[in-house]
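Accompanying notes for the structure given below.
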């Protein structure tokens, strides 16, 4: 329909690559999707997906930063631009995506500043040309500053408000975070798939085994209460605009300990993080309460994310976008650095016991 679409190619490389690595109950799965999952999704299909909903595109597209899905800013002949998100085939069941949308709508109804999908013809999840997609309002903004203590107090308040609503219900179709599903599945994929550089397999296998064994111990000792969470909440998934923080991208919402939505806002050295955490918890406590025992899971959760990130790259390696964007994943130096990083993380988890 729109053969003369003016396509503006945006850089999809995330400035925080780890933000693309969400942790799911299934682990990274490379078998549930086609080899080139987004083949057939061109400018015509994207613009037609708008038209079938009664939104008349003006022919302009801007590809936004995303690897897991495909996301486009689209102009309209009348009205504000929209953002179209095409979900990676084979990753989620329709029910899981719809539950994400319902959770986002629930948050929005409680006046939590989230970017929720629009409903068209009574639905938020749509199908076109073999792809599933959703339409979102365009929200501009920038990553929030986290330099001052008050910045993290503010973020903590927002997360507390989000969790206050999240605690009112449960997920039926979203994944659940635990050491087996998130860590062991990821580790097995890397070992069985032959992704680790030759000569480093034994070292990586040994340190990852020790690390996950210790994560199991910490998890069992805490026995955390699980609840609905954003699941992948960090600075890249917040937008600051006109003194309001908006939560974006609930694509990885999951059942997890509440601290999962807090720990990724800790950065810098070991001497800086206690003060950062104290500020986050001060803001969080305005609206929700956190079991103090969950703080012992911060370093285990960081360990799980480190292993899962490598497995996420491995599971997506068949997607042509990944070898182009992450060529270093196939180089021995990456795996040398991973062995060292996991050893350092093992020491951190030992210290938090």
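Calculation over all alpha carbon pairs of the range 255-341 in 5 angstrom steps from 0 returns a P(r) of 3, 11, 18, 18, 14, 13, 11, 8, 4, 0 percent. Compute the Cα gyration tensor for the range 50-141, then decide on rounded, prolate or oblate, letting a ≥ b ≥ c be the square roots of its eigenvalues: rounded whenever a/c is under 1.5, prolate when a/b is larger than b/c in the other cases, and oblate in all that remain. Since a/c stays below 1.5, the shape of the range 50-141 is classed as rounded.
Its residues counted as N, the chain yields a C-alpha radius of gyration over 2.2 N^0.38 Å of 1.00. With R₀ fixed at 41 Å, the C-beta to C-beta distance from residue 172 to residue 35 puts the FRET efficiency at about 0.85. Rounded to the nearest 10 degrees, the inclination of helix 332-351 to the longest alpha-carbon principal axis of the chain is 60 degrees. Distance from the Cα centroid of the range 65-85 to that of the range 221-275 is 25 Å (rounded to whole angstrom).
Quote the FRET efficiency, to the nearest 0.05, computed for residue 347 versus residue 225 with a Förster distance R0 of 35 Å and r equal to the Cβ-Cβ distance. If you can, show how the numbers build up before the last one.
Numbers: r = 28 Å, r/R0 = 0.80.
Efficiency, rounded to the nearest 0.05: 0.80.
Of the residues 175, 137, 274, the one that moves most in a GNM of the chain with alpha-carbon contacts below 10 Å is 274. Quick check: the angle from helix 273-284's long axis to the longest principal axis of the chain, C-alpha only, nearest 10 degrees? Value to nearest ten degrees: 50. If the elastic network links every pair of Cα atoms under 10 Å, which of 123, 174, 91 fluctuates the most in the Gaussian network model of the chain? The residue with the greatest mean-square fluctuation here is 123. Our estimate of slack between residue 271 and residue 148, defined as 0.36 nm per intervening residue step minus the Cα-Cα distance, is 42.7 nm. For the chain, the longest principal axis of the alpha carbon atoms and the long axis of helix 149-166 meet at an angle near 70°. Oblate is the label for the range 190-244, because the ratio a/c of its alpha-carbon gyration tensor axes (a ≥ b ≥ c) is 1.5 or higher and a/b is not greater than b/c. Based on DSSP H segments of at least four residues, each scored -39500 (n - 2.57), the chain has a per-residue ellipticity at 222 nm of -11500 deg cm²/dmol. Measure out, as a whole number of angstrom, how far apart the alpha-carbon centroids of the range 102-168 and the range 293-353 sit. The two parts, judged by their Cα centres, are 27 Å apart. With 0.36 nm allotted per residue and the present C-alpha distance subtracted, the residue 243-residue 201 stretch has 10.2 nm of extension available. Taking the DSSP beta bridges with both ends in the chain, the antiparallel portion is around 85 percent. Answer rounded, prolate or oblate for the range 99-255, using the Cα gyration tensor with square roots of eigenvalues a ≥ b ≥ c: rounded when a/c is under 1.5, else prolate when a/b is larger than b/c, else oblate. Prolate is the answer for the range 99-255, as a/c is 1.5 or above and a/b outweighs b/c.
Of all the options 48, 147, 213, the one that moves most in a Gaussian network model of the chain with Cα springs shorter than 10 angstrom is 147.
Read-outs: derived from the displayed coordinates by stated rules, not from any lab. Everything numeric here is computed off the predicted structure, so don't read it as measured data. Cβ coordinates were reconstructed from backbone atoms using ideal geometry, including for glycine residues, and neighbour counts include every protein chain displayed.
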